[in-house]
Amino acid sequence: MDEKNLRIYFTSDIHAFFYPTDYHSEGERNIGLFKCANRFQKDGNTLIIDGGDILQGSPLGTFCHDSIGDSAKIAGIMNCCGYDYVTLGNHDFNYGTAYLEEYLGALNAECVCQNAEKSEGGSKYPARIHVLENGLRVGLVGIVTDHVNVWERPEHLKGLKITDPVSAAKKALEEIKDKCDITVCIYHGGFERDLNTGKLLSTSTENAAYRICEELDFDILLTGHQHMSVKGRKLYNTFIVQPTDSGREFVCVDVKLNGSEKQISSITCPAEGECSEELIHRFGELNEGAEKWLDIEVGHLSRELMPEDHLQMAFKGSGIASFFNMVQLSCSGADISAASLANEVAGLPQTVRRRDVLTAYPYPNTLAVLKISGKNLRRVIERSAEYFALNENGELAISDAFLKPKVEHYNYDYYAGIQYTLDLRRPLGQRVTRLLHKGREVADTDWFNICVNNYRACGAGGYPEYTECELVKEINMEMADLILNYFKENPSVTVEPQSNMNIVY
């Protein structure tokens with residue numbers, strides 16, 4: 001029997017980084033889809049697939065939504081890069097279903113996302129069988145993490161319901177398996193267990209790729225969401241991969257099928273080389289419009305707020321986080337504020353442009369004001385205190401719980417409106433030894449209004465206490481816009497370094 005081949009080029013978590021720039025560093029960087037697509041070699045036995053989180057994340061993505069309101073422009077980029085199939089990521093819902101449907105309607109690629117169901121039932125983006133030029137039948141099932149239901153505002157899921165991804169994938173696989181030569185699951189989700197030891201790293205349903213390999217029988221599982229590089233390997237009977245985010249790399253998967261024998265291998269390819277001049281120029285007007293929009297000056301700071309090492313910022317305090325808390329307290333009128341920083345922290349110069357705001361606060365978060373008890377306030381601070389660990393030499397370090405399997409610096413919160421002491425010699429959950437509000441010790445029965453982003457308000461990041469809190473009000477404006485408005489009202493802003501936390505170890 002003749003050997004048949006399949007090649008897959010796989011990207012995920014591009015987050016609207018198309019050009020080789022992060023929009024704040026000088027010069028060209030090895031980043032962005034155009035640095036990957038320059039190496040795609042398409043023929044009739046090749047599929048180009050994306051694992052979701054395309055629409056949101058970069059200043060260009062924000063420009064497309066906030067300024068020109070046109071997601072079809074992003075579809076045009078994907079079309080020129082030759083995509084055949086995409087699934088949806090959790091951030092693709094951030095701007096609502098109308099914006100998402102505009103994107104999908106202009107996209108040449110087919111969307112597969114089995115667990116995105118219509119309100120009346122049935123998958124809106126069902127599995128597909130793609131027949132290659134050589135006759136090989138490829139079954140493609142897409143699924144997205146069900147934590148979309150936790151993170152996303154309900155109005156952004158209008159007409160859709162996100163169901164359990166594992167059950168949806170299992171059902172789709174049963175329906176297509178006998179009609180295919182090879183099966184591929186495209187999962188916007190990651191691994192809940194250590195891939196080397198099998199140790200359970202998270203009990204939430206956010207990531208279930210390990211379980212999918214354990215319980216189902218896909219030939220290939222293309223994963224994303226965790227922004228971590230997983231080189232090609234077998235897990236149970238399934239070949240798994242994952243690229244990092246922002247177009248820093250892509251994965252090339254090769255399949256050789258000879259009768260019932262399947263040989264699968266892959267190479268993880270870093271973004272590098274020259275971008276296609278045709279792509280650069282074709283969308284040049286869009287990029288130039290974004291650059292001009294981003295360069296508009298919006299305000300001034302008394303001093304530049306530059307990032308340091310994550311551990312140092314968490315230990316000593318961060319001027320950037322202090323500024324975010326200033327904005328949150330100003331627009332909310334809350335007693336207390338909690339803010340976090342991205343994994344890759346961009347600072348704010350003294351003269352602040354729109355691009356500086358969008359790179360410093362890249363998430364489309366809105367805010368919520370919650371009524372929290374002193375008891376639950378202490379508990380959420382205890383969760384943040386889990387960020388710290390002591391290494392074998394007794395030196396301060398970052399806990400593995402915030403580094404593995406996914407780096408999650410953004411789940412450490414900086415607080416304003418309180419003073420507190422952490423004793424790292426004490427067990428987890430008992431580290432807060434002093435907690436003051438306006439100089440007075442906080443009692444379990446005290447009540448406060450706390451301002452947090454909508455991601456945290458739904459308990460994400462290990463803060464379930466917030467789900468027990470009464471919602472006082474929602475501020476349905478994205479944090480970046482609130483920062484821009486704050487500068488309109490306060491053109492010159494003084495940020496004093498926070499010294500409201502003391503750590504003993």
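The values are calculated or read from the model by the stated rules, or taken from the named source; none is laboratory data. It should be emphasised that the depicted structure is a prediction, and the values quoted were computed from it without experimental measurement. Don't worry about glycine lacking a Cβ; one is built from the backbone with ideal geometry, like all the others, and counts go over all protein chains shown. Remember, those area values only see protein heavy atoms, side chains included, never the ligands or the DNA or RNA. Shrake-Rupley method; radii C 1.70, N 1.55, O 1.52, S 1.80 Å.
Let a ≥ b ≥ c be the square roots of the eigenvalues of the Cα gyration tensor of region 182-279; is it rounded (a/c under 1.5), or, if not, prolate (a/b larger than b/c) or oblate?
Taking the square roots of the gyration eigenvalues as a ≥ b ≥ c, region 182-279 is oblate.
Expected output is a single nm value to one decimal: the length gained when fully extending between Ile129 and Lys375, i.e. 0.36 nm times separation in residues minus the C-alpha distance. What is it?
Full extension of this stretch gives 83.2 nm more.
Computing the accessible area with a 1.4 Å probe over protein heavy atoms, can you report the carbon and sulfur percentage for the chain?
Result for the chain: 44 percent of the exposed heavy-atom area is carbon or sulfur.
According to a simple spin-label model (label point 7 Å from Cα along Cα-to-Cβ), what is the distance in nm between Ser67 and Glu174?
Spacing of the two 7 Å Cα→Cβ label points: 5.0 nm.
Find, to one decimal place in angstroms, the Kirkwood hydrodynamic radius of region 314-416, where the mean of 1/r is taken over every pair of different Cα atoms and then inverted.
Hydrodynamic radius (Kirkwood, Cα pairs) of region 314-416 is 15.2 Å.
Glu304 versus Arg425, label points 7 Å from Cα toward the beta carbon: distance in nm?
Using points 7 Å along Cα→Cβ, the separation is 4.0 nm.
Based on the Cβ-Cβ distance of Arg434 and Ser167, what FRET efficiency does E = 1/(1 + (r/R0)^6) give at R0 = 45 Å, to the nearest 0.05?
Efficiency, rounded to the nearest 0.05: 0.45.
One-quarter of the Cα convex hull surface for region 423-493, in nm²?
7.4 nm²
Largest first and to the nearest Å, give the Cα extent of region 1-77 along each principal axis.
Computed over region 1-77, the largest-to-smallest principal extents equal 55, 28, 16 Å.
For region 430-457 and region 61-86, compute the distance between their C-alpha centroids and round to whole Å.
42 Å
Averaged per residue, what accessible area in Å² does region 389-431 show with a 1.4 Å probe, protein chains only?
In whole numbers, region 389-431 has 48 Å² accessible per residue.
Under 1.5 on a/c is rounded, so check that first for region 255-309, then, if it is not, pick prolate when a/b is larger than b/c and oblate when it is not; a ≥ b ≥ c are the square roots of the alpha carbon gyration tensor eigenvalues.
It is oblate, given that a/c is not under 1.5 and a/b is not larger than b/c.
Given a 1.4 angstrom probe, what's the average accessible area per residue across region 301-341, in square angstrom?
34 Å²
When N is the residue count of region 99-174, what does its C-alpha Rg come to as a fraction of 2.2 N^0.38 Å?
1.20
Taking only DSSP H segments of four or more residues, each worth -39500 (n - 2.57), what value at 222 nm results for the chain once the sum is divided by all its residues, to the nearest 500 deg cm²/dmol?
Helices in the chain give a 222 nm mean residue ellipticity of -7000 deg cm²/dmol.
Which angle between 0 and 90 degrees, to the nearest 10, do you get for helix 97-106 versus the longest principal axis of the chain when only C-alpha atoms count?
For helix 97-106, the angle is close to 30 degrees.
Hey, got a sec? Which GluC sites (Glu not before Pro) in region 288-369 land in a DSSP loop and have at most 16 other Cβ atoms within 10 Å?
Of the GluC sites (Glu not before Pro), the ones in loops of region 288-369 whose Cβ has at most 16 other Cβ atoms within 10 Å are Glu304, Glu308, Glu344.
Quick check: the angle from helix 374-385's long axis to the longest principal axis of the chain, C-alpha only, nearest 10 degrees?
Long axis of 374-385 versus the principal axis of the chain: about 60 degrees.
Where does helix 319-332 land angle-wise versus the long Cα axis of the chain, in degrees 0 to 90, nearest 10?
80 degrees
Which residues in region 243-273 place their backbone N less than 13 Å from a point set 7 Å from the Cα of Asn45 along the Cα-to-Cβ direction?
254-259, 263
When only DSSP loop residues count, what trypsin sites (Lys or Arg not before Pro) in region 430-491 have their Cβ near at most 13 other Cβ atoms within 10 Å?
The qualifying sites are Lys438.
Applying the Karplus parametrisation 6.51 cos²θ - 1.76 cosθ + 1.60 with θ = phi - 60° to the phi angles of region 123-133, what ³J(HN,Hα) value in whole Hz is obtained for each residue in order, glycine and proline being reported as x?
Going residue by residue, I get 5, 6, 10, x, 4, 10, 10, 10, 9, 6, 4 Hz, with x marking Gly and Pro.
Regarding region 374-426, what are the three Cα extents along the principal axes, ordered largest first, in Å?
Taking max minus min along each principal axis of the Cα atoms, region 374-426 gives 33, 24, 17 Å.
Given a Förster distance of 35 angstrom, what is the FRET efficiency for Glu474 paired with Lys262, based on the Cβ-Cβ distance and rounded to 0.05?
FRET efficiency, Glu474 to Lys262: 0.10.
Using label points projected 7 Å from each Cα along Cα→Cβ, tell me how many nm separate Gln312 and Glu28, to one decimal.
The modelled label-to-label distance comes out at 3.2 nm.
Considering the convex hull of the alpha carbon atoms of region 1-146, report its projected area averaged over all viewing directions, in nm², one decimal.
Seen from a random direction, the Cα hull of region 1-146 projects 10.1 nm² on average.
Counting only C-alpha contacts under 8 Å and six or more residues apart, can you give the relative contact order of region 134-271 as a whole percent?
Taking the mean separation of contacting Cα pairs over the length of region 134-271, I get 18 percent.
Expressed in nm to one decimal, what extension gain is obtained for the pair Tyr505 and Asp295 from 0.36 nm per residue of sequence separation less their Cα-Cα distance?
So the chain would gain 71.2 nm between Tyr505 and Asp295.
Beyond 26 Å, what share of the Cα-Cα pairs of region 357-482 is found? Please give it as a whole percent.
26 percent
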